[in-house]
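Note sheet for the following structure.
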Amino acid sequence: MRNITVRLSLFLAAMALAAAGCDKQAPKAGDGASSGGMTSGGKTPGAKYRIVYIPKNTGNPYFDAVVEGFKKGGDELGYEFNMVGPATAEATSQIEVIKQQIQQRVDAIAISPNSTDAVKPALKEAMSKGIKVVCIDSDLEKNEDGRDAGVLPMDFDITGKSQIELMGSLIGYQGEFAILSATTDAPNQNYWIAGMKEALKDPKYKGMKLVEIVYGNDEAQKSTTEAQALLTKHPNLKGILAPTSVGISAAAQVVETAKAASRIKVTGLGTPSQMKGFIENGTVEKFALWSPVDMGYLSGYLIVGLLKGEIKAEPGATFKAGDLGERTIGKLNKIITGPPLVFDKANVGNYTF
Ligand code: RAM
């Protein structure tokens, strides 16, 4: 009899625990599953939400910095966070990963998409199952109905122009330069390259000639091979503009090895931690980026707000992104993290990413 009572109370306790586990809106205060984050009104906001982040590919320190931001948000909001990504960044490589995450019944998928449309059917399937989908870093351009919102690092309409200005200022606005991009489908790089071509129509840049666009697929080896080929094919090359952190560090290494830094200027978008050495030894003078950490952190706040129904995914809605302050959801549900930054010898050592 005593055994039955003990078993019954164990069963009831297990049921109570299971029921508590289902209650994502109002987790118990001090719940062991939260990561010890901030509490408000005795509840840990967002505790137990399961957020997965799918980067373009694994092994890229830029996306590790996004993860760092997500984890910081998780410490404050108490969500469970996981990163799962494909090994390579081609257009379709994320589809299987998305499907697995739908099966895992995550609450939200954050993704840096490798294509504007290839991943859309899988993301729409996720949305139809109640999973929140937020694109970050790159977006489903012209296919925005395949996600709830898009978190961008900066206003993409000025990225291309500012990259051309950066390149121009380094080569005295004169001479041949080439672009070393990521993949041929990359939504963000393609958007920026379109902006670069547009900017080049400005008479200010009439002395600059874009001789070739090559693609290193955000793989160090392929980016290196492509950069080397540029040096061989274009003896008058004055600059390499790489709007990808993988491409710019590969190009810098190639130029350093070729002892060509005085005649070929490398710039673009890179992480300070990967570029510091090249800045300090004079191979690269300046380059740009933003904080990928902030982008992940802001995304965490947005996603939890969407899951709790406290943020409506619609233009004009505002929300507080932790210590980054207030953000407004813009046209097509795009949110800008900002600010864009330029790095040189004076400040490259000041950043952790
Ligand atoms: C690479 C990726 C990423 C891009 C950065 C600048 O890491 O292509 O999408 O935003 O570069």
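The table below lists the values:
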read-out	value
First in the range 130-141 and in contact (Cβ under 8 Å) with a residue 24 or more places away in the chain, second anywhere and of a type in the set (Phe, Trp, Tyr) and more than 11 Å from the ligand (Cβ to nearest atom), Cβ under 8 Å, 6 or more apart	ILE136/TYR53
Candidates GLN101, GLN174 - the one that is open to solvent by 10 Å² or more (accessible area, probe 1.4 Å), more than 18 Å from the chain's Cα centre (by Cα), modelled with pLDDT of 95 or more and within 30 Å of TYR205 (Cα to Cα)	GLN174
Pairs, first under 14 Å from VAL246 (Cβ atoms) in the range 168-185, second among the polar types (S, T, N, Q), C-beta under 6 Å, six or more apart	SER181/GLN189; ALA182/GLN189; ALA182/THR244; THR183/ASN217
Residue list for the range 298-311, filter: in contact (Cβ under 8 Å) with a residue 24 or more places away in the chain, more than 16 Å from the ligand (Cβ to nearest atom) and open to solvent by less than 20 Å² (accessible area, probe 1.4 Å)	GLY300, LEU302, ILE303, VAL304, LEU306
Matching residues in the range 276-295 - criterion: being open to solvent by less than 10 Å² (accessible area, probe 1.4 Å) and within 12 Å of the ligand (Cβ to nearest atom)	PHE287, LEU289, TRP290, PRO292, MET295
Qualifying residue in the range 135-158 (condition: among the aliphatic types (A, V, I, L, M), modelled with pLDDT of 95 or more and farther than 20 Å from MET295 by Cβ)	no
Test: residue in the range 316-324 that is farther than 27 Å from TRP192 by Cα, surrounded by 21 or more Cβ atoms within 10 Å (Cβ to Cβ), assigned by TED's automatic domain parsing to the domain that holds SER138 and touching a strand residue (DSSP E or B) at 6+ places or on another chain (Cβ under 7 Å)	no
Single residue of ALA126, ALA118, ALA108 found to be at pLDDT 95 or above, closer than 28 Å to ILE193 by Cα and crowded, with 18+ Cβ neighbours inside 10 Å	ALA118
Among (1) touching a strand residue (DSSP E or B) at 6+ places or on another chain (Cβ under 6 Å); (2) open to solvent by 20 Å² or more (accessible area, probe 1.4 Å); (3) in the same structural domain as VAL304 (by TED's automatic domain parsing) - the single one VAL134 does not satisfy	(2)
Close pairs (6 angstrom Cβ cut-off, 6 or more residues apart or separate chains): outside the structural domain of GLU141 (by TED's automatic domain parsing) in the range 190-217, surrounded by fewer than 19 Cβ atoms within 10 Å (Cβ to Cβ) and part of a strand (DSSP E or B) anywhere	LYS209/GLU176; VAL211/GLU176
Residue under evaluation SER245, criteria (1) polar (S, T, N, Q); (2) closer than 19 Å to ASP344 by Cβ; (3) open to solvent by 70 Å² or more (accessible area, probe 1.4 Å), criterion not met	(3)
Selected residue (criterion: nearest to LYS120 (Cα to Cα)) from residues of the range 194-222 that are open to solvent by less than 20 Å² (accessible area, probe 1.4 Å) and in contact with a Gly (Cβ under 7 Å, 6 or more places away or on another chain)	GLY216
Residue match in the range 266-275 (condition: surrounded by fewer than 23 Cβ atoms within 10 Å (Cβ to Cβ), closer than 18 Å to VAL246 by Cα and more than 16 Å from the ligand (Cβ to nearest atom))	no
LYS56 surrounded by fewer than 17 Cβ atoms within 10 Å (Cβ to Cβ) and within 18 Å of LEU123 (Cβ to Cβ)	no
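The values are calculated or read from the model by the stated rules, or taken from the named source; none is laboratory data. Bear in mind the structure is a predicted one, so any value in this text is a computation, not a measurement. As a convention, Cβ positions derive from the backbone with ideal geometry for all residues, glycine included, and neighbour counts pool all protein chains shown. Accessible surface areas use protein heavy atoms only, side chains included; no ligands, DNA or RNA. Shrake-Rupley method; radii C 1.70, N 1.55, O 1.52, S 1.80 Å.
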